[in-house]
């Protein structure tokens, strides 16, 4: 499939054909950012280490409307043009297939969200700070990248802001350095991460530890911190329940950021979730976002059409948490939602819902129903084994619907082709 400039685009990006380029793979992003909250001014240097998948005489990066001051390829100045959401870099010589190269982009400007069917995505200015909500195509709003979900890389992110502000990014905080009235916060994410999951949260936050064997923290405004800690009081129990069902937690730590501003929905990032203060009372959302660390962050879809592998699994985790914590059983949730979906329009297929229905609530709930139906077919022991093998085999990797159905089929002597065809590829809702 061809995208902008007639270049071949990876099949997995066909929902967003103008995003991503399969001519190269980025192995590491190094981001040096300077942010001034008042004027919403961002200056950055992005250094990418990449490998050419084919001979390249140009490199196309997804990038927002910034002023690009200089671009270097392998340390040498390179010509470049920025049109729309594409930065075209022309190196002085061809980049050989299979060879590693470095690319450095220096830029500045006022970051703004990427337009989408769901509103602006990416870097957005808060009342006092900034938030990044990148899913699915918001990453180019703050750094140049190869913006396709299957292109995972390690990251170093260093952000300098006025010292009253706290910065939270993906990975481990490895240093803070204060110089005059400004502080630099440096984070390293060693687990491979898709660009849409990269995040920088900036606000007047206080940070507190939460209990648990897995290191957990919360960052919130001082006046919200006590309430936030209370609202997350059962998060460690969730962590233990999900570890039992899904296998070991896949990252070094887990951080919840609570913004002063209200948010419509929580925001997902790798090793991190972001809630508006208005959402803290919704324990099912806490469970949903935590489950995304396995399904979405560690195991990331290769193609956006497979969004049920993220949202259906996280929605089913809500039902598992309800069942394990003394609430309604997963069976009760499944019967209620099956009745609701059966009474509504049946006009999409779960394994390929289309761009406009990417975050339709029916994707979440039918995805959860599919898993519950599979649980009933396999039985609890085999179903639990499927989930644990799924998360272990593809840990920090890329997944597809086909890989999941192949794995599940190994846990029963009965063929599952008709089962998966009816639940994943038919608009009609199968009986539960």
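Key figures for this structure:
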quantity	calculated
Residues (crowded, with 24+ Cβ neighbours inside 10 Å, more than 21 Å from residue 106 (Cα to Cα) and more than 11 Å from the chain's Cα centre (by Cα)) located in region 125-147	none
Region 12-43, subset out of contact with any strand residue (DSSP E or B) (no Cβ under 9 Å at 6 or more places or on another chain) and surrounded by fewer than 17 Cβ atoms within 10 Å (Cβ to Cβ), residue farthest from residue 57 (Cα to Cα)	39
Condition check for residue 237: outside the structural domain of residue 383 (by TED's automatic domain parsing), without any contact (Cβ under 8 Å) to a residue 40 or more places away in the chain and more than 15 Å from residue 135 (Cβ to Cβ)	no
Residue list for region 50-68, restricted to those being buried (at least 20 other Cβ atoms within 10 Å of the Cβ), assigned to a loop (DSSP other than H, G, I, E, B) and out of contact with any helix residue (DSSP H, G or I) (no Cβ under 8 Å at 6 or more places or on another chain)	66
Count of residues meeting criterion [assigned to a strand (DSSP E or B) and either modelled with pLDDT under 95 or within 22 Å of residue 176 (Cα to Cα) (or both)] in region 24-44	13
Residues satisfying the stated conditions in region 91-101, i.e. loosely packed, with under 15 Cβ neighbours inside 10 Å and touching a strand residue (DSSP E or B) at 6+ places or on another chain (Cβ under 8 Å)	92, 94, 96, 97, 98, 99, 100
Yes/no for residue 95 being outside the structural domain of residue 307 (by TED's automatic domain parsing) and either without any contact (Cβ under 8 Å) to a residue 60 or more places away in the chain or over 19 Å from residue 150 (Cβ atoms) (or both)	yes
Single residue of region 214-247 satisfying the filter (touching a helix residue (DSSP H, G or I) at 6+ places or on another chain (Cβ under 8 Å) and in a loop (DSSP other than H, G, I, E, B)) that is farthest from residue 380 (Cα to Cα)	232
Flag if residue 211 is over 22 Å from the mean Cα position of the chain (by Cα) and assigned by TED's automatic domain parsing to the domain that holds residue 280	yes
Test: residue in region 67-89 that is closer than 29 Å to residue 166 by Cα and without any contact (Cβ under 8 Å) to a residue 24 or more places away in the chain	no
Any pair with Cβ under 9 angstrom, 6 or more apart, that starts in region 27-46 at a residue that is without any contact (Cβ under 8 Å) to a residue 40 or more places away in the chain and ends at one that is part of a strand (DSSP E or B)	38/162
Number of the condition not met by residue 188 [criteria: (1) under 28 Å from residue 359 (Cα atoms); (2) assigned by TED's automatic domain parsing to the domain that holds residue 173; (3) free of Cβ contacts under 8 Å to residues at least 60 places away in the same chain]	(1)
Selected residue [at pLDDT 95 or above, crowded, with 19+ Cβ neighbours inside 10 Å, in contact with a strand residue (DSSP E or B) (Cβ under 7 Å, 6 or more places away or on another chain) and over 15 Å from residue 141 (Cβ atoms)] from 105, 71	71
Positions within region 148-185 being surrounded by fewer than 15 Cβ atoms within 10 Å (Cβ to Cβ) and over 23 Å from residue 124 (Cα atoms), in sequence order	174, 175, 176, 177, 178, 179, 180, 181
Check on residue 295, touching a strand residue (DSSP E or B) at 6+ places or on another chain (Cβ under 6 Å), crowded, with 24+ Cβ neighbours inside 10 Å and over 30 Å from residue 165 (Cα atoms)	no
Subset of region 342-354 [over 17 Å from residue 400 (Cα atoms) and in contact (Cβ under 8 Å) with a residue 60 or more places away in the chain]	342, 346, 347, 348
Within region 200-213, tally of residues that are in a strand (DSSP E or B) and within 22 Å of residue 38 (Cβ to Cβ)	6
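The values are calculated or read from the model by the stated rules, or taken from the named source; none is laboratory data. What you are looking at is a predicted structure, and each value in this text was computed from that prediction instead of being measured. Quick reminder, even Gly has a Cβ in these numbers, built from the backbone with ideal geometry, and neighbours come from all protein chains shown.
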